[in-house]
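Undergrad: Before I ask anything, here is the structure I am working with.
Just so you know, all these numbers are worked out from the coordinates, no wet-lab data involved. Bear in mind that the values here come from a model prediction, so they are computed numbers and not experimental data. Here Cβ is always computed from backbone atoms with ideal geometry, including for glycine, and neighbour counts include all displayed protein chains.
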Amino acid sequence: MAAAASFTIDKEGQAGIDAYWEYKKIVGDDDKGKLFTDAEYEAYKKKWIPIRMKNRIYVGWHNPEKDMDCKLIGPETLCYCGHRYINHKTDFEKIPNPIKQTCRNCACDNYHYIPRNGSQPIRCTCKHFPDEHNLKHPYGCNRCASGPKKCGEFKGSFTCDCGAPTYKHIMVKETKEQRIKRGKPVGRDVPYQAMGGLTGFSSLAPGAERRDPSGIGPNNEVMGGAPIQPGDHPFLKMHAFSLPDRDTPETQQLQRREGESELDYFDRLYKWKQKKGYFLKH
Ligand SMILES: [Zn+2]
Ligand SMILES: [Zn+2]
Ligand SMILES: [Zn+2]
Ligand SMILES: [Zn+2]
């Protein structure tokens, strides 16, 4: 039979998948690849979730001239060292000052974002790639460490969506209080690991397209938020929203209202989805 490939999962199977997905979001690699027992999982949650909700580090790659987070860092965002944010230290029982997020997989001593050109790493002005440079600040080049063209610091001139070159950006790592003080969105407290700067619907959009105070700011257009792409973090995917029929009263209810901030809109959609049973009950 040449029917289209399809399969169905019964309710119990779906609940199992959801539970595993939630487990992965909470535990990450902290189980070192061996599933926790129920008791271990409960103990893990009891210890780490309150710490995580209280001591979350908000991480962004920031253009100070425009006061804009050009890139908000999430669990999958690659570091200068080539490893993902979730591979770095993100849970702190006590937040250190300065905040240092070492990599579990290499000698990188602090998570540090640099943009990529599509899927390709960008080059330093010395022509060498990030992985040819030192893993520690200021990331001097191993290939031209001495001589007339000595490179003592990785310096990317790749142009960001904001129009400024890479080297005009800085990493911002801050607490919830610090972020609120600066008037930037903090989203809701979530139990998941390595959420970094992701706080909602449009967090994955470049700052130059993000219409909230972390990006270029709101305008008067009615916006539904940035589209969610395949490969995006499940936390954001679960907020993904397509309006199948714009003409029913219900979907009209779900359009962004005039004067409603993006975060209020996001919040309203979240509550709606919650009511409709889109999420696991905690
Ligand atoms: Zn790193
Ligand atoms: Zn690393
Ligand atoms: Zn260099
Ligand atoms: Zn930028």
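Undergrad: Asp29 label point, 7 Å along Cα→Cβ, cut-off 19 Å on backbone N: hits in the stretch 91-118?
TA: Backbone N within reach: 91-92, 100-114.
Undergrad: Also: Hey, what's the Cα Rg ratio for the stretch 122-179 versus the globular rule of thumb, 2.2 N^0.38 Å?
TA: Normalised by 2.2 N^0.38 Å, the Cα Rg of the stretch 122-179 equals 1.34.
Undergrad: Oh, and also: Summing +1 for each Lys or Arg and -1 for each Asp or Glu, what net charge is found among the other residues whose Cβ lies under 14 Å from the Cβ of His62?
TA: Net charge around His62: +3.
Undergrad: Cβ under 11 Å from His133's Cβ, His133 left aside: what net charge do those residues give with Lys, Arg +1 and Asp, Glu -1?
TA: My count for the surroundings of His133 gives +1.
Undergrad: Work out the FRET efficiency for Glu65 and Ile95 from their Cβ-Cβ distance, taking R0 = 30 Å, and round it to the nearest 0.05.
TA: Calculated value: 0.65.
Undergrad: Using label points projected 7 Å from each Cα along Cα→Cβ, tell me how many nm separate Glu209 and Lys45, to one decimal.
TA: 3.6
Undergrad: Moving to a separate point now. Residue separation times 0.36 nm, minus the C-alpha to C-alpha distance between Arg116 and Thr102: what's the value?
TA: 2.9 nm
Undergrad: What list of ³J(HN,Hα) couplings, whole Hz, do you get for the stretch 187-195 from phi and the Karplus terms 6.51, -1.76, 1.60, once you set θ to phi - 60° and write x for glycine and proline?
TA: Coupling constants for the stretch 187-195: x, 9, 6, 10, x, 7, 7, 6, 6 Hz.
Undergrad: Quick one: net charge of Gln101's neighbours, Cβ under 9 Å, K/R +1, D/E -1?
TA: Its environment carries a net charge of +2.
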